[in-house]
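Scroll down for the structure; my scribbles are underneath it.
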């Protein structure tokens with residue numbers, strides 16, 4: 001798949017702020033009836049600099065990626081319009097809690113902590129944390145080799161949490177550089193200002209496959225973190241509706257179709273639901 005150019009981060013930030021603050025809200029409650037932020041519209045929070053899951057195509061100016069197509073399909077199956085609300089990932093769950101949008105579809109890895117603080121859908125995509133190194137540089141093949149290195153992550157992600165765990169709980173000494181978006185993290189790796197990037201498998205594979213002369217997946221299976229859709233804690237009505245649509249889309253082959261188009265394989269079936277933490 002040809003790598004699409006990503007629109008400038010500053011433009012995305014401006015769009016994100018405008019959309020985030022401009023969205024109206026209603027209280028969501030689980031009383032057996034699904035209540036939406038906007039009547040007749042499924043509002044979806046996302047962080048739009050995370051290819052191939054969600055990003056802006058510079059040529060068209062449109063949101064694209066796996067999660068975008070999935071959200072459109074879910075809304076259509078539910079008989080609703082869809083509206084996307086862009087927000088920085090470090091604030092995405094706060095916006096959900098404040099009823100700025102109904103759900104978050106933004107490569108949300110399932111963790112034990114998120115299971116306690118969010119309503120999560122059935123998983124829809126296989127995923128794990130991996131290490132991406134420069135093709136012509138020192139290739140990091142294990143967590144132990146992070147010592148003394150400069151490590152890039154996107155702030156607020158499970159990769160960020162894992163690296164902070166290795167530093168704070170395991171006492172590993174390396175320089176952690178937290179970027180607002182993955183595009184900047186991979187540019188830092190390409191320029192040599194960091195030694196590796198820790199990220200989701202689907203994102204790492206995307207950059208490696210589209211830039212085989214620049215990047216290599218040097219270590220995988222750090223975790224097992226399948227991806228799900230998130231709603232505000234207690235809002236089981238919307239998650240139940242989402243799960244019904246997800247099941248329908250999986251059975252019809254729609255999710256497999258989207259996955260094969262973007263990833264070249266179907267990552268939406270035979271998902272390992274057993275979580276593997278980074279300290280196991």
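None of the figures in this text is laboratory data; all of them are computed from the coordinates on show. The model shown is predicted, which means the values in this text are computed figures rather than measured ones. Virtual Cβ from ideal backbone geometry, glycine too; neighbours counted across all protein chains shown.
Over the chain, what is the relative contact order in percent, taking alpha-carbon pairs closer than 8 angstrom and at least six residues apart? Mind dumping the intermediate values first?
Values: 560 pairs, mean separation 69.9, N = 280.
25 percent.
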Seminar exercise, completed: For the chain, the longest principal axis of the Cα atoms and the Cα long axis of helix 254-263 enclose an angle in degrees, to the nearest 10, of 20 degrees
Exercise. When the helix-only estimate is applied to the chain (DSSP H runs of n ≥ 4, each -39,500 (n - 2.57), divided by the residue count), what is the mean residue ellipticity at 222 nm, nearest 500 deg cm²/dmol?
Worked result: -10500 deg cm²/dmol
Problem set entry | Fraction of beta bridges assigned by DSSP in the chain that are antiparallel (%, nearest 5) | 60 percent
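Evaluate the Kirkwood expression for the hydrodynamic radius of segment 32-156, namely the inverse of the mean inverse distance over all pairs of different C-alpha atoms, and round to one decimal in Å.
On the way: mean 1/r = 0.0599 Å⁻¹.
For segment 32-156, inverting the mean 1/r across all distinct Cα pairs yields 16.7 Å.
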For this session: Report, in whole Å, the centroid distance computed from the Cα atoms of segment 209-245 and segment 159-184.
Result: 19 Å
Problem set entry | Column: log10 I(q)/I(0), Debye, Cα scatterers of the chain, q = 0.13, 0.14 Å⁻¹ | -0.86, -1.00
Exercise. Quick one: 257, 112, fewest Cβ neighbours within 10 Å first, how do they rank?
Worked result: 112, 257
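Ranked highest first by average number of other Cβ atoms within 10 Å, how do 186-198, 241-253 line up? Spell out each step's value before the answer.
Working: 186-198: 19.9, 241-253: 17.2.
Top to bottom by mean Cβ count within 10 Å: 186-198, 241-253.
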Seminar exercise, completed: Highest GNM mean-square fluctuation among 52, 226, 212, for the chain with Cα springs under 10 Å, belongs to 212
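In segment 129-219, what % of DSSP beta bridges are antiparallel (nearest 5)? Before the final figure, lay out each step's value.
Numbers: 9 of 16 bridges.
That works out to approximately 55 percent antiparallel.
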For this session: Kindly provide log₁₀ I(q)/I(0) values, in the same order as q = 0.17 Å⁻¹, from the Debye equation applied to equal alpha-carbon scatterers of segment 129-219.
Result: -0.60
